Every structure is written in structure tokens, then in C-alpha cells.
Amino acid sequence: MTDFQISLLIAGGTLVVGVVIFNKWQEYKAKKTVENAFADGHDDVLLNPDAPVDATQRQEPVFADKELDIEPVVKKTRPSAPVQEELLGTSKDTGSEEVPMPHDEPVAEPLTSSLLPVLARELPVDELIDCVIPLEFDTPIRGEKILGEIADLKYVGKKPVHFIGQRDDGERDVIATGGAYTAIFAGIQMVSRSGPLSELEYSEFIMKLRVIADNLNAHPDIPDMNKVILHARELHQFVAEHDAQLSVNVAANGAPWALNTLLAALEKMGFDQRPDGRLMMPDGDGGSLFTLSTNVGVSEVMTSRLTLLLDVPCVAPSRDSFGAMAACARSLATRLGGTVVDDGNQPISKAALDEIAGQVNEFYGAMAEAQIPAGSLRAQRLFS
């Protein structure tokens, strides 16, 4: 080997070592950035779980005094829901016809004529969102016998199936062992985010229900399939027009953030990590206020962008999850040295944010008027 080749090998080795040292230094700086951001000394209750608070009270995040630009944007979940962009004031001029606000658009008459008030105690069979079929008995039947017959009928395709029973006094309730029932009501959900009930699903549901009726010597009252499918499609139109999701992003102004340190800090803030990698901010009652994504794969060690996402129809307005999500994003941006931006990386004034928050409240009003209030069991089932 010549002296020249040896010199090249030495130079190449030095370069490789230099790159490795540089990468380690970058990771160290990213880790220190996150550690410093979440270090003690900040009095932000949202980001400091060790701060003295009343353990019986959930501390919701609130807007900070410092003004930051934020632009929440709509994540359209299906092509048939352009109403979301109009609702949130983020639609772009594509030459298409303007879509009216969903709260100004009347729901189809066949749907509204059958709307029922949300029950104080919501049952798993709901005549508004389920196709409900009664099965009457000649004599009362014990709950354990009924449960044995219906145990295997939980889904038809992707549509969930539920049952409730009617007692001698006419009260309806979940079927339980030890109870006696004069009738049961089978309900198959007519709509979900995957689409409306199809003719094939309805036919399969009826076929399986007839077997149960024969085994229990019951008399089913089967509705006309065409009417059921028409009603399902009308309900699906409502779901498509109100399927809104809002997001805000926190983008790094400089170097990316070390992911392992960041995840640990986010969990201390109260986020729960899901199997899919997203983090969820719990609402205190087993539900979710909003979620957070790091936007990177499982093998990556740093990220330069966080996305907070709110599933608008699935959270009750009283929780102010939009305000909580925006406040959380602003706090993260302040601590991490980032900026809260929209999907196009553009900030917007807080005045625009407040205007959008008002439109979100109108959106909630439209859902309540349709008797499918956001965050209710009805809404959670429909937007699943």
C-alpha cells in the first residue's frame, strides 16, 4: 500500500469520526434543549405536574398572557365533507361553489321528523342512530337465556349490534342475568365514519335476528329495508357534514428536539401514550380532550414538529377542549422555542383564533339542535 493510499485512509477515518462526534453533539444539544424547556422553575401548571394543586380538581390549561400566533386548520377526514373548511374559515378558492355553514343548513325532513331527545341515561340501543327491531315474547323470558342467544351477534360487517330488554313494568334497560323481559329490542347502528348501513349488512342482520327469534319463540317486527337504507343515507349525510377535526402544530424554530426526553416530559404533563404512537390528553372521565403526534417513525430519535388534534364532534363543549388544546400548544411553543403554526407553516393572529373558536361554538350549537350533541354517546358512536 502506497503512502498516498495510507493518507487517504487516515483522512477518511478522521472524517467519519468527525461526523459521528458532530451527530452526537447535535443529539446532546437537542436533549438539553428539551430538558431545559421542562426544567423546574416554570410556574405553568399545565407543564409542571409537581406544582401544588388541589388533587381533587383537574387543572385545565388556560391561555397565557403572552400573545402567540396560532392557526388551527381542518383535517378533512372524508372527501364528502367540504363543510368543515367553511366552518373554520380555512377554505381556499378552488373555483367551486361556496358551501353554507352547517348550522344554517336544514337537516333532511325524513331525518328530523324522527329525532328523539337524548335520554338522561343513554342506552346502547338508540332509535335515532340505530335500526331498532322489537322481538316480543308470549311470556316473560329470563335474562340469562336471552344473553345466551344473543351473545354471538355483536357486529354485522363493521356495524355494531346492541340489545336492550323491556320488563313487565314497561321500563327498558340493559339485559341482565336474573331479570325477566317481555320483549327485547335489537339495534344495528346505521352509520359510522366508514359509511352508512348497506343492503347486504341489513339483510345479514335480519337473517341472524330471525334465528334468534325462532330460538326464543319471539315475534319480530321487521321494517321495510328501503326505508331503513334511505334513513341511513340521510343520517350519513349529517355525519359527513359535521365530521370536523381541528389541528394546531408546534414547529421548531431551530434544531429539532430529542424525542426520548420530549416524550418523558409530555407524559409528566398528563399525556397518555397510545399503541399507535400518539399521545392523548385525558379528560378525567375516561375520554380524550385531544391527541398529540410527534410526526416521526418509531426508529427516529428527534422531531421538529408536534401536531395536536381535536376530534370536534366527540368532545362535549363544556370541556372547552379547543381552548385547552390551543393553550397547550402555546405553552409548548414557549418552552421549546417553537412557533404554533397551521399545516402550511403560517401563523395567524389571536383575533382570528378567537373568531374560529366562536365558529366552533356555533358548530356545537348545530349538533345540539340536531339532537346529536357533541361528546354524547350518540355522537361518539356516529363519529367512530
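For the range 183-193, the count of residues that are open to solvent by less than 60 Å² (accessible area, probe 1.4 Å) and basic (K, R) is nonzero.
Out of the residues in the range 314-364 meeting the condition of being under 17 Å from the mean Cα position of the chain (by Cα), assigned to a helix (DSSP H, G or I) and small (G, A, S), tell me which one is surrounded by the fewest Cβ atoms within 10 Å (Cβ to Cβ). Per the stated criteria, the residue is S318.
Scanning the range 201-229 for residues being open to solvent by 20 Å² or more (accessible area, probe 1.4 Å), in contact with a Lys or Arg (Cβ under 9 Å, 6 or more places away or on another chain) and over 21 Å from K145 (Cβ atoms) gives a total of 2.
Going through (1) over 21 Å from P256 (Cα atoms); (2) in contact (Cβ under 8 Å) with a residue 40 or more places away in the chain one by one, F290 falls short only on (2). The single condition from (1) surrounded by fewer than 18 Cβ atoms within 10 Å (Cβ to Cβ); (2) modelled with pLDDT of 95 or more that T307 fails is (1).
Exactly one residue out of V239, V248 is in contact with a strand residue (DSSP E or B) (Cβ under 8 Å, 6 or more places away or on another chain), among the β-branched types (V, I, T) and more than 30 Å from E127 (Cα to Cα): that is V248.
The values are calculated or read from the model by the stated rules, or taken from the named source; none is laboratory data. Keep in mind that this is a model prediction, so the values were computed, not measured. In this analysis, Cβ positions are derived from the backbone assuming ideal geometry, glycine residues included, and neighbour counts consider all displayed protein chains. Remember, those area values only see protein heavy atoms, side chains included, never the ligands or the DNA or RNA. Shrake-Rupley method; radii C 1.70, N 1.55, O 1.52, S 1.80 Å.
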